[in-house]
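The values are calculated or read from the model by the stated rules, or taken from the named source; none is laboratory data. Please read all numbers here as calculations on a predicted model, not as lab measurements. All Cβ positions, even for glycine, are placed from backbone atoms using ideal geometry, and neighbour counts span all protein chains on display.
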């Protein structure tokens, strides 16, 4: 039995593969592609923002803008 990757693992993989800037909408699209199905868009975007903040805390991404909030890979 294989386990599903976490949201953070799925989003990290997408960010590493695609690069560029990331906001809640783009993160939610990537999570949706990985199988995440939120109850509604608002809760999905909230979860995507939390995952992005967690990845920033882990050093995977860095915040590049405040309003709108955007991130990019830490290695870029």
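Is at least one residue of the stretch 66-76 surrounded by 14 or more Cβ atoms within 10 Å (Cβ to Cβ) and within 27 Å of residue 3 (Cα to Cα)?
yes
Of everything in the stretch 26-46 that's closer than 20 Å to residue 66 by Cα and within 9 Å of the chain's Cα centre (by Cα), which residue is surrounded by the fewest Cβ atoms within 10 Å (Cβ to Cβ)?
Of everything passing the filter in the stretch 26-46, 26 is surrounded by the fewest Cβ atoms within 10 Å (Cβ to Cβ).
Provide a single number: the residues in the stretch 10-22 that are surrounded by 13 or more Cβ atoms within 10 Å (Cβ to Cβ) and either modelled with pLDDT under 95 or out of contact with any helix residue (DSSP H, G or I) (no Cβ under 8 Å at 6 or more places or on another chain) (or both).
Residues meeting the conditions: 2.
Could you check the stretch 23-32 and list, in sequence order, the residues that are farther than 21 Å from residue 75 by Cβ and either at pLDDT below 95 or in contact with a strand residue (DSSP E or B) (Cβ under 9 Å, 6 or more places away or on another chain) (or both)?
Once the filter is applied, which keeps residues that are farther than 21 Å from residue 75 by Cβ and either at pLDDT below 95 or in contact with a strand residue (DSSP E or B) (Cβ under 9 Å, 6 or more places away or on another chain) (or both), the stretch 23-32 yields only 24.
Looking only at the stretch 1-22, count every residue that is part of a helix (DSSP H, G or I) and more than 17 Å from residue 74 (Cα to Cα) and tell me the total.
Going through the stretch 1-22 one residue at a time, the tally reaches 1.
In a loop (DSSP other than H, G, I, E, B) and either at pLDDT 95 or above or in contact with a strand residue (DSSP E or B) (Cβ under 9 Å, 6 or more places away or on another chain) (or both): which single residue out of 59, 65 fits that description?
Going through 59, 65 in turn, just one is in a loop (DSSP other than H, G, I, E, B) and either at pLDDT 95 or above or in contact with a strand residue (DSSP E or B) (Cβ under 9 Å, 6 or more places away or on another chain) (or both): 59.
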